[in-house]
Structure formats: C-alpha cells, structure tokens
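Reviewing the structure listed below.
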Amino acid sequence: MLASSFGPNSIALTTAQLEFEAAVSQAVELLVFDGRATSIYVDEVLQSLRELGPYFVVAPGIAIAHARPSESVIEVGFSLLHLGSGVTSGSQNDPVHLLFAFCSPDADSHIELLGQFAESISTPGKIERLMNASAESVIRSLL
C-alpha cells in the first residue's frame, strides 16, 4: 500500500525559507493536487496543528502531517515536501527537513499506512539518504 500511496505529483523539493504552517499546507496540498484529498483536508490538518501543536514531528528532522480519517479524503495518499533549509516547528526534533503528509479515508488504512511507513523509514541509512537527496527521482527510488 505504501509504494502506491505516493502519486505522480506527490514529491516536491524546496529551498525556500518557510514558516512551519506554510510548509505543512504545501505538503498536504500535494495530496490535493494528486486527487487523494479535497482542499478541506488541508484545513483539517492545519486545524489539528493549531489545536495540538507540532505533535506530528515524530523524530529529528521528520514530520508526518495528517488529520483524522474523514470524508475529505478521496483515497489513501502520501506526499513529501523535502525542505532543504529546514523549518522550525517548536518541537524538540527541529529543524524539520522531511515533511511527509498522508491521508486515509478510514481508521484501518490509517493505522496500516503508518505501520508500513515506520517500517520503511527504519531501514538503516534511509533517513540520511532522503535528507541528502537533491532530486525527486532519487527520493522516489528511496521510497
């Protein structure tokens, strides 16, 4: 499920200096652009961020932006905004360089997708290779 969750337009790289909320919005908008969620999902993720803080900054340099499964999700999806400059979220794991976003229409796929993602990125050296990648094609081959 994880490999097919990254659509053709789901990976972007930027060196722009962004605020954390703007970066989260861009990462989630990749899911909208790929037809995996509606624009309402962007609002849901940003609302979760405002209410709960940067809870989805899960490890040094890595965030997984998401909201609860909802009707604004069309199908399971994953995206990645690679932030060359990093962004500050207010988490002890700052700066964030890999800002993943995901969406799922139901709780079962939500949990399954997160489990597959955790397994995938736990491969030794994968995070470092992703952080050092400078092209979408390289990132896609690593995922």
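The values are calculated or read from the model by the stated rules, or taken from the named source; none is laboratory data. All figures in this text were calculated on a predicted structure; none of them were measured in a lab. Note: ideal-geometry Cβ built from the backbone for every residue, glycine included; neighbour counts use all protein chains shown. Note: accessible area is taken over every heavy atom of the protein model, side chains too, but ligands, DNA and RNA are not part of it. Shrake-Rupley method; radii C 1.70, N 1.55, O 1.52, S 1.80 Å.
Points worth noting:
- The chain: most fluctuating residue of 85, 104, 122 per GNM, C-alpha cutoff 10 Å: 122
- Once both labels are positioned 7 Å from their Cα atoms along Cα-to-Cβ, the gap between residue 85 and residue 4 label points is 3.9 nm.
- GNM top mover of 65, 16, 37 - the chain, alpha-carbon springs below 10 Å: 16
- Note on residue 131 and residue 92: the extension gain reaches 12.2 nm, defined as 0.36 nm multiplied by sequence separation minus the Cα-Cα distance.
- Cα point-scatterer Debye curve for segment 4-79, base-10 log of I(q)/I(0) at q = 0.17, 0.21, 0.27 Å⁻¹: -0.62, -0.96, -1.43
- Computed from backbone phi with θ = phi - 60° and the Karplus coefficients 6.51, -1.76 and 1.60, the 3J(HN,Hα) list for segment 63-73 is 10, 10, 6, 6, 10, 4, x, 7, 5, 7, 9 Hz; x is used for glycine and proline.
- Added length on full extension, which subtracts the Cα-Cα distance from 0.36 nm per residue, residue 122 to residue 50: 23.1 nm
- Å² of accessible area per residue within segment 67-143, as computed with a 1.4 Å probe and no ligands counted: 48 Å²
- Legend: calculated FRET efficiency, residue 108 to residue 140, from the Cβ-Cβ distance at R0 = 25 Å, rounded to 0.05, equals 0.40.
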